[in-house]
Amino acid sequence: MRNVSRAVLVTGAGGGIGRAVAHRLASRSTSRDVLVLTDSDEAALEDTTEALTGVKVLAVPTDVSDAGQVAALFAAIRDTGAALNQLVHAAGIHSVGSALDTSVDEWNRVFAVNATGTFLVVTAAARQMLETESDNRAIVVIGSNAAGVPRSAMPVYAASKAAAAALTRSLGLELAPRGIRCNTVCPGSTDTGMQRAFWGNDPERGLESVLQGDLAQFRVGVPLGKIASPDDIAATAAFLLSEDAGHITMQDIYVDGGATLRA
């Protein structure tokens, strides 16, 4: 199947983990590959695309919560003539605050992207992957360690990421007989714009709280004593796409410096 051009899709490629994934995958792509990048932020997506050299890139601005836009994205991939066989779904949004103070509108806003968006993207990708019998087909969803350990300040975000992880495992079970692997990477605190926004106006104190923990919020900190870089997460995603991970599926891989004690 390697005589046919291969398409690899990265969502959320405009920044943070998605951008790091795009750079890492570009560095290992061949001249025949098509690296398909998408983000809802067109300017950020253009920045990522312009920084990549030596690889064929198709940039398709997409709001993953919009079924019509997702359908158009996969139509554009099909039009390249390349066979889609790998996906890293990194698109997502954050939300903080008490569950008791959260509005239904906020719940729906976060779930539209993190849960429904995941459903739309991974199912469309799976259907397109099933059109061919290419080698090493794999789906990786960027989740969060908050999906497995309670977070007092981000209940809606945690719930949306738990939904995405459960969907990915179930899809992995369904697709396993067809040779398509599905895994979730669950980062802890990672040095992205989303993380820094969470720290507010005092980033030094915010970072200290992440590393040392906050007993008032039942958080244990990061045993490794450092925050993750986006490339730390991208490296794990790239591994899960590789043939070295050829017998790994339906797993939630925690990449959080030990923050959750894998509870």
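Restricting 184, 168, 132 to those that are part of a helix (DSSP H, G or I) and either among the hydroxyl-bearing types (Ser, Thr, Tyr) or closer than 28 Å to residue 229 by Cα (or both) reduces the list to 168.
Yes/no matrix, rows are residues, columns are (1) part of a helix (DSSP H, G or I); (2) among the aliphatic types (A, V, I, L, M):
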residue: 120; (1), (2): yes, yes
residue: 125; (1), (2): yes, yes
residue: 136; (1), (2): no, no
residue: 141; (1), (2): no, yes
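Among residues of the range 247-263 that are farther than 21 Å from residue 226 by Cα, those with a Cβ under 9 angstrom from a residue that is part of a loop (DSSP other than H, G, I, E, B), sequence gap 6+ or separate chain, pair up as 249/180; 252/143; 252/148.
So that you can scan it fast, the table gives a plain yes or no per residue for (1) out of contact with any helix residue (DSSP H, G or I) (no Cβ under 7 Å at 6 or more places or on another chain); (2) among the aliphatic types (A, V, I, L, M); (3) modelled with pLDDT of 95 or more:
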residue: 177; (1), (2), (3): yes, no, yes
residue: 212; (1), (2), (3): yes, no, no
residue: 216; (1), (2), (3): yes, yes, no
residue: 241; (1), (2), (3): yes, yes, yes
residue: 247; (1), (2), (3): yes, no, yes
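Quick one: residue 56 ticks every box in (1) of a type in the set (D, E, K, R); (2) touching an Asp or Glu at 6+ places or on another chain (Cβ under 9 Å); (3) more than 26 Å from residue 4 (Cα to Cα) bar one, so which box is it? All conditions pass for residue 56, except number (3). For the range 2-48, the set of residues classified as acidic (Asp, Glu) and under 17 Å from residue 117 (Cα atoms) consists of 39, 41, listed by residue number. The residue that is modelled with the lowest pLDDT, among those in the range 17-29 that are surrounded by fewer than 24 Cβ atoms within 10 Å (Cβ to Cβ) and touching a Ser or Thr at 6+ places or on another chain (Cβ under 9 Å), is 28.
The values are calculated or read from the model by the stated rules, or taken from the named source; none is laboratory data. Values in this document were obtained by computation on a predicted structure and should not be read as measured data. Positions of Cβ are generated from backbone atoms using ideal geometry, with glycine treated the same way; all protein chains shown enter the neighbour counts.
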